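Novice: Questions regarding the structure given below will be posed in turn.
None of the figures in this text is laboratory data; all of them are computed from the coordinates on show. Keep in mind that this is a model prediction, so the values were computed, not measured. No Cβ is skipped: glycine too gets one built from the backbone with ideal geometry, and neighbour counts run over all protein chains shown.
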Amino acid sequence: MQTRMVQVDFEPIGRRISCAAGTDLLTAARQAGISLIAICGGKGTCGRDRVKVLEGEVSPLSDTERRALHAQADEGMRLACQTLVYSDAKVHVPASSLTAKQRTQVEGESVAFALDPITRAVEIALSDPSLTDLRSDALRLRDHLRERSGIEATYDFQILRQLSDRLRSESWHLRAAVHDEEVVALREKSRPILGLAVDLGTTKVAGYLVNLENGRTLASEGVMNPQISYGEDVMARIAYALEGPEQADTIRDAAVGGIADLARSLCETAGYETSDICDAVVVGNTAMHHLLLGLPVRQLGNAPYLAAVSDAMDVKARDVGLPLAEGAYVHLLPNIAGFVGADHVAMILATGLYQAKETTLALDIGTNTEIALYHKGRLVSCSCASGPAFEGAHISHGMRAAEGAVERVRINDGQVEYQTINDAPAVGICGSGILDAVAQLYAAGVIDIKGGMHNGHPRVRETDTGREFVLVPAQESATGEAIVVSRNDVGQIQLAKAAIRAGINVLLDEVGITAAEIERFIVAGAFGTYIDVQSAMDIAMFPVLPLERFEQVGNAAGAGARMALLSRAARARAVEIANAAQYIELTNDPRFVEQYTLSMFLTDMV
C-alpha cells in the first residue's frame, strides 16, 4: 500500500516539507532542516518544542501536552514531538522553540507603526532645456520638486557637483532620495532607495538592509563587534581610547569598519551596492555612541558618568566614515544617561513600553543589562554591569552560541540530559546552557543556596582548583575532554544574575510596588531570546511570576532602529521617551548594594 504524503509549511521560517501522514511535527521539522529544542529527546517532558498549528488536521491534544503546556494549551500551543500530522498543514514556530542555529541576534519584534520614512524616493521627469528657459539645473529641479511634490528642496553639496552631468546622462529622467527636504542622492530610475538600521552592541553588531519605499527588510545579519579586541566591556574600551589620540582613532575605526563591512555584506546578499543606502539609523549604548562618533569619553569613565551629547543627532555618513550614498545621513537616537543609551530608547520604542496599559518591566540582557519599568505613567530606567558570563566568557568551558555548544541542560533522577546547538558533539557550553546547568544543579541539591558545590553526586569530582560537576563525559565530547561546571562558573553566574535582579528590585522599590505586581515582563536581547525563563526564575535572577507574563522578543533595540528608519513619528517618539525616562544611577544608590548582596543567593531573599 502506498504511503500517503502530506505537506507541512513551517512559518515564519519559510520551510516546506513533504512527509508521511502520521509523522510527528518534531520529525517533520528535522526533515525540513529546522532544529527545535527537544532536550528530552521527543518524550514530551521538557515542553520546549512548542508550535501552533494554524491549518490542517493533527492528533488531539494529549495529557502529556496539557501537563507541559499549562495555560498555553488553551491558546492552541502544541508540543511538536507529540503532535501527529494527518493532512496538509501550516505550523507557526515561535523563536523561543528554535535552537541557536536558526535564531540569530538580529531577530526582534516591534509594535505596529505607519510607514513614513524621513528619506523618500521622488521621481524626476524634467523637460529638455531650451534657449527660452535659462534657469540653472539646480533651480529647474527645485521648481519641479516644489510643483510636483511640494518640496522646498535644498541640496547636499556633493549632489550639486554631479547634478548637471547626471541629469543629462539620464535624459532628465531619474530618481532623487530626499531627506526631509534635502536632496541627498540621485539614482537611475531602476535603482531602489535603501536604508540601513544598526544595533551597535558591546559584543555584537546587528544590521538590517531595508527598502525605504515599502518597508521590507531585504537582508539582516549579525557579527561580532570588532572593538572587542580592545576590551570586553565599555569601561575597558573607554580606558583604551584614553591612552592617546592614536588609540581613540583605532577603536573608532574598528566600529566604523565593522558597520561598513556589515553594510557591504548585507548589500551583497540582497544584490545591491552600499551607494544605494540613502539613510541610516544607528543605536547603541552611550559609550558605543561616543566611540563611534569620536566624541569625548573621559567624563563617561568617571563619576558622575556624564554623556557628552544626549540629543538625537543627524550626521553625514561620510563624516562618520561610512561608504553610503553621496549625501546620506546617519541618525542617532537620543541617549538617556551615561550608561543608558540610544539602544535602550530603541528597546522601549519597539516594545511599546511607553504606551503600556499595565505595569510592565523590560530588560535587555547583555554585557550591560538595561532595565526599564513602566508603572502608572512613570518610566524609570537603570543599567547594571552583568558582565560577559552569559556570552560564555570566564566560564571553564564557555563559548559563544555556536555549533556544538551545550545550550540546554536537565537533570532528572540524577541523570544528566543535555542538548547542543545543531545536535553536534559537545565542544563547550554557551550562556543559556550554563544558566540551565546552575538552575538544575541547585534543584538537584548539587549546589546550595550560596553556590557551594557538594560532593554527594557521582559526577562531582575534586580538582586542584576545587570541585566541579562533569556535565559531558570525555568520551561524549568532541574534544575528548570532559565539559564541566566548576564552582567558579557558578560564581560567575551568581555575579551576573545578582546584578540583574538587584537592578530590578531597585526599580520596583523606586515606584513602590512588589515583583508580584509586574503584569508583563519583557525579555529582550540575543541572550534573552535563548534563555529558559523558568531557569532564570529557579535561581532568582527573575522574580517568580506566571510564565504567561513573560515575553521573549529578541533584538528589540534592532527592531527600534528599524522603526526609526521607517517612521518620522518613531524618531519623535524616541525623543519623548528619552525626555520622560527617569534614570537611576545604581553606583550611587545605596539600595543597590543591599539588593546585590541579597541577590547573590540562589533563591529569592527579598
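Novice: If you take the beta carbon distance between residue 268 and residue 213 as r and set R0 to 22 Å, what does 1/(1 + (r/R0)^6) give as a FRET efficiency, to the nearest 0.05?
Specialist: With R0 = 22 Å, the Cβ-Cβ based efficiency is 0.60.
Novice: Calculate the spin-label point distance for residue 154 paired with residue 63, positioning each point 7 Å from the Cα along the beta-carbon direction, and give it in nanometres.
Specialist: 7.4 nm
Novice: Can you tell me the orientation of helix 487-511 relative to the chain, as the angle in degrees between its alpha-carbon axis and the longest Cα principal axis, to the nearest 10?
Specialist: 60 degrees
Novice: Then there is this: Through the Karplus equation 6.51 cos²θ - 1.76 cosθ + 1.60, θ set to phi - 60°, convert the phi angles of the stretch 328-334 into ³J(HN,Hα) values in whole Hz; use x for Gly and Pro.
Specialist: Along the stretch 328-334, the couplings run 4, 9, 10, 9, 10, 5, x Hz.
Novice: OK, next. Ordered by packing density, taken as the mean number of other Cβ atoms within 10 Å over each peptide's residues, highest first, how do 505-516, 343-354, 550-561, 207-218 rank?
Specialist: Highest-to-lowest ranking by the protection proxy: 343-354, 550-561, 207-218, 505-516.
Novice: Does anyone have the angle between helix 590-599 and the longest principal axis of the chain? Alpha-carbon axes, 0 to 90°, nearest 10?
Specialist: Taking the Cα atoms of the chain, the angle to 590-599 is about 40 degrees.
Novice: Let me ask you something else. Run through the DSSP bridge list for the chain and note the antiparallel percent, rounded to the nearest 5.
Specialist: Approximately 70 percent, going by the DSSP bridge assignments.
Novice: Could you tell me whether the stretch 274-363 comes out rounded, prolate or oblate from its Cα gyration tensor? Rule is a ≥ b ≥ c as square roots of the eigenvalues, rounded for a/c under 1.5, then prolate if a/b exceeds b/c, otherwise oblate.
Specialist: oblate
Novice: What pairs in 357/497; 90/189; 204/497; 376/497; 43/450; 43/204 have C-alpha atoms more than 31 Å from each other?
Specialist: The pairs that break the limit, which is 31 Å between Cα atoms, are 90/189; 43/450; 43/204.
Novice: Using 0.36 nm per residue, how much length does the chain from residue 519 to residue 585 gain when fully extended, once their Cα-Cα distance is taken away?
Specialist: Extra length from residue 519 to residue 585 when fully extended: 21.3 nm.
Novice: Still on this model: How large is log10 of I(q)/I(0) for the stretch 5-97 at q = 0.11, 0.21 Å⁻¹ when the intensity is taken from the Debye formula with one equal scatterer per alpha-carbon?
Specialist: Values returned for q = 0.11, 0.21 Å⁻¹ are -0.24, -0.96.
Novice: Follow-up question, since we're still on this one. Would you work out the charge dipole size for the chain about its Cα centre, treating the Cβ of every Lys and Arg as +1 and the Cβ of every Asp and Glu as -1, and quote it to the nearest 20 debye?
Specialist: 580 debye
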